[in-house]
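Enquirer: Next up is a structure, given as structure tokens.
The values are calculated or read from the model by the stated rules, or taken from the named source; none is laboratory data. Since the structure is predicted, the reported quantities are computational estimates derived from the model, not experimental observations. FYI the Cβ positions are ideal-geometry reconstructions off the backbone, even for glycines, and counts take in every protein chain you see. Surface accessibility is based on the protein's heavy atoms, side chains included, excluding ligands, DNA and RNA. Shrake-Rupley method; radii C 1.70, N 1.55, O 1.52, S 1.80 Å.
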Amino acid sequence: MDDAVQPAFVDLDANAEAALIAGARFAEPVKGLTHGFYKYPARFSPAFVRAAIDVFTAPGDTVLDNHVGGGTTVVEAIASGRHAVGVDISSLAEFISSVKATVFSKAELDVLADWATKVPTAIDLRKQSIHFGHYAELGYYKHLEHKSRWRLRKAIEQGMGAAIALAQPNLEAFGRCVVLRTAQWALDGRKLLPTIGEFRECLGLTATAMVAGARALRTASEAYGAPTNVLIVNRTAAGLEDDERLANIRPKLVVTSPPYPGVHVLYHRWQVDGRKESALPFMIAKRLDGSGGAYYTMGDRKASDQLNYFKNIKASMGSVAAVANRDTIIVQMVAFGDAARQLPRYLAVMAEIGLEELLLPSLQGERDGRLWRAVPGRRWYSRQRGETPASQEVVLIHRKKTLGCELPQVIATLPLASPGS
């Protein structure tokens with residue numbers, strides 16, 4: 001910390017501050033509610049998000065995640081009685097987050113529970129499967145026709161067919177997500193592939209567990225009485241203040257984990273048979289993808305200067321600053337390929353877009369005074385050389401700078417659409 005700069009501190013009581021620190025450093029596996037619907041790369045702990053929501057907001061407030069990824073923020077917001085807005089450049093992230101954030105009716109959950117008991121019987125290699133020819137032409141079947149994987153490819157097609165047979169868009173999306181999670185388990189990063197019998201069993205267990213998670217989310221959301229509004233948008237976070245769906249939203253809290261500069265995270269592909277990349281998850285989700293990895297990470301991790309990354313993070317977080325007000329707290333969890341060089345640069349960008357960093361008083365004597373955490377065994381597909389500094393994440397807390405004389409703001413309440421709309 002630069003001694004010449006007088007730090008600002010978060011105004012929290014000791015218990016709230018301790019809860020935030022404990023949430024950030026919570027190291028147990030991600031679980032509960034709908035969080036297990038998909039293992040999204042580099043996701044953060046629900047305990048951290050819940051702590052931030054509890055500390056900085058009240059029921060009825062709006063929480064924004066402008067890099068929503070696997071949807072942890074929106075799920076915890078719903079379960080806490082807050083309105084939620086999620087933005088992500090990835091259509092796969094939008095799909096996953098939307099399914100996880102859907103509060104299904106009791107009747108819909110009963111239909112899905114019945115489907116979960118029957119879906120394993122859809123997997124039968126003696127029967128035909130749907131061949132998704134359009135996706136095949138675009139290369140989404142790449143690496144799946146090998147003699148060791150064609151059976152799983154057919155089983156996945158049959159599972160997708162069972163999801164389509166649910167015949168209602170939100171139910172079909174849930175079914176596709178069940179297949180997506182099961183296929184991820186079966187293919188992504190596996191050295192030893194499961195048998196068809198094991199796939200069939202996992203499909204049924206996954207479907208049943210996901211229905212239970214969806215029920216838990218419904219129960220949690222009902223505890224607050226008034227329904228929460230959720231909007232999840234597939235678009236770049238840069239310029240979100242000009243999107244008519246988002247322009248009038250004034251979040252009380254922004255909690256997000258943007259891409260990490262200089263760190264290799266494979267957001268948009270699975271790796272099969274070693275490091276062969278597969279776009280299969282987009283096909284299962286009924287989405288299209290034609291972009292390279294740098295599109296999702298805001299820049300090539302190999303670029304020594306990271307110019308594109310810092311240009312993009314300035315645009316992304318600058319748009320957050322544009323929709324925020326002085327009362328908005330902005331919480332980010334970030335890691336760096338080279339923290340010594342990149343963290344000061346990152347903070348300089350935040351200052352340039354008009355954000356003031358806030359520190360936690362109880363951490364004044366710890367490292368640089370910021371909230372750091374060790375990453376607990378996360379698989380990032382990291383190709384860092386030697387000891388990777390990206391195994392450490394830091395929680396950055398900001399708010400808009402005071403401009404001297406501020407006029408009172410009248411904040412419009414924008415009705416939000418549900419994920420299934």
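Enquirer: Looking at the stretch 291-300, can you tell me whether even one residue there is in contact with a strand residue (DSSP E or B) (Cβ under 8 Å, 6 or more places away or on another chain) and either open to solvent by less than 20 Å² (accessible area, probe 1.4 Å) or of a type outside the set (S, T, N, Q) (or both)?
Expert: Scanning the stretch 291-300, I find no residue that is in contact with a strand residue (DSSP E or B) (Cβ under 8 Å, 6 or more places away or on another chain) and either open to solvent by less than 20 Å² (accessible area, probe 1.4 Å) or of a type outside the set (S, T, N, Q) (or both), so the answer is no.
Enquirer: Looking at the stretch 131-225, what helices (runs of 4 or more DSSP H) fall wholly within it and have at least 1 residues that are in contact with a Cys (Cβ under 9 Å, 6 or more places away or on another chain) and surrounded by 17 or more Cβ atoms within 10 Å (Cβ to Cβ)?
Expert: Those helices (runs of 4 or more DSSP H) span 150-164, 169-187, 196-222.
Enquirer: Being closer than 30 Å to Gly290 by Cα and either among the hydrophobic types (A, V, I, L, M, F, W, C) or in a helix (DSSP H, G or I) (or both) is the filter here; which residues of the stretch 69-85 pass it? Reasoning before the result, please.
Expert: To start, the set of residues in the stretch 69-85 that are closer than 30 Å to Gly290 by Cα comprises 69-75, 84-85.
Once the filter is applied, which keeps residues that are closer than 30 Å to Gly290 by Cα and either among the hydrophobic types (A, V, I, L, M, F, W, C) or in a helix (DSSP H, G or I) (or both), the stretch 69-85 yields Thr72, Thr73, Val74, Val75, Ala84, Val85.
Enquirer: Also, quick follow-up: If you go through the stretch 20-55 one residue at a time, how many are open to solvent by 20 Å² or more (accessible area, probe 1.4 Å), among the hydrophobic types (A, V, I, L, M, F, W, C) and within 27 Å of Leu359 (Cα to Cα)?
Expert: 7
Enquirer: In the stretch 241-251, which residues are surrounded by fewer than 21 Cβ atoms within 10 Å (Cβ to Cβ) and either at pLDDT 95 or above or of a type in the set (D, E, K, R) (or both)? First the steps, then the outcome.
Expert: We begin by selecting, within the stretch 241-251, every residue surrounded by fewer than 21 Cβ atoms within 10 Å (Cβ to Cβ); these are 241-245, 247-248, 250.
Scanning the stretch 241-251 gives Glu241, Asp242, Asp243, Glu244, Arg245, Arg250.
Enquirer: Here is a further query. Can we say Gly262 is out of contact with any strand residue (DSSP E or B) (no Cβ under 7 Å at 6 or more places or on another chain) and under 30 Å from Ala339 (Cα atoms)?
Expert: Yes, satisfied.
Matching residues to (1) under 20 Å from Leu231 (Cβ atoms); (2) at pLDDT 95 or above; (3) in a loop (DSSP other than H, G, I, E, B):
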{"residue": "Ala27", "(1), (2), (3)": "no, no, yes"}
{"residue": "Phe44", "(1), (2), (3)": "no, no, yes"}
{"residue": "Val49", "(1), (2), (3)": "yes, yes, no"}
{"residue": "Asp54", "(1), (2), (3)": "no, yes, no"}
{"residue": "Val63", "(1), (2), (3)": "yes, yes, no"}
{"residue": "His67", "(1), (2), (3)": "yes, yes, yes"}
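Enquirer: For the stretch 321-375, give me the residue count where each residue is open to solvent by less than 10 Å² (accessible area, probe 1.4 Å) and hydroxyl-bearing (Ser, Thr, Tyr).
Expert: Matching residues across the stretch 321-375 total 2.
Enquirer: Name every residue in the stretch 86-105 that is part of a helix (DSSP H, G or I), more than 16 Å from Glu172 (Cα to Cα) and open to solvent by 10 Å² or more (accessible area, probe 1.4 Å), in order of residue number. Can you show your working first?
Expert: Applying the first criterion (part of a helix (DSSP H, G or I)) to the stretch 86-105 yields 91-101.
Now restrict to residues that are more than 16 Å from Glu172 (Cα to Cα): 91, 93.
Within the stretch 86-105, Ser91 is the sole residue that qualifies.
Enquirer: Out of curiosity, is Ser304 open to solvent by less than 10 Å² (accessible area, probe 1.4 Å) and over 30 Å from Gly161 (Cα atoms)?
Expert: Answer is no for this residue.
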